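A quick write-up on the structure given underneath.
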Amino acid sequence: MIYEVVVELKEEVLDTQGRAIQQTLARLGATQLKAVKVSKRFLLDLDGDEASNLELVQKLAAEHLANPVSETFKCRKI
């Protein structure tokens, strides 16, 4: 089973990389672009029980894939 983990910056954290991308795209002609938000996407392929797999994926995301100070994450089976 494949699980997706999406890690994003918290709303109160300034996304400097997203801002730089937005500014560059605006200079290239995409002037209607209001904002760009950068995130990380992880795909984890696991064997075993679905309930225990989701629990493991959430634990891995919380402890290793996301920084709890500045990031949030969402997990789902795909």
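Just a few scattered comments:
- Positive-end residue, the chain charge dipole about Cα centroid, Cβ charges, pick of V5, V36, Q58: V36
- Once the GluC sites (Glu not before Pro) in DSSP loops with at most 11 neighbouring Cβ atoms within 10 Å are cut out of the chain, the longest remaining piece is 13-78.
- Sparse-neighbour loop sites [trypsin sites (Lys or Arg not before Pro); the range 14-71; at most 15 other C-beta within 10 Å; DSSP]: K34, K37
- Ellipticity at 222 nm from helices only: DSSP H runs of n ≥ 4 in the chain, each -39500 (n - 2.57), divided by the residue count, give -9000 deg cm²/dmol.
- Extension gain, E12 back to L43 (0.36 nm per residue minus Cα-Cα distance, nm): 8.5 nm
All of the numbers you see were taken from the coordinates with simple rules; none came from a lab. All figures in this text were calculated on a predicted structure; none of them were measured in a lab. Because the Cβ atoms are built from the backbone with ideal geometry, glycine has one as well, and the counts that use them run over all protein chains shown.
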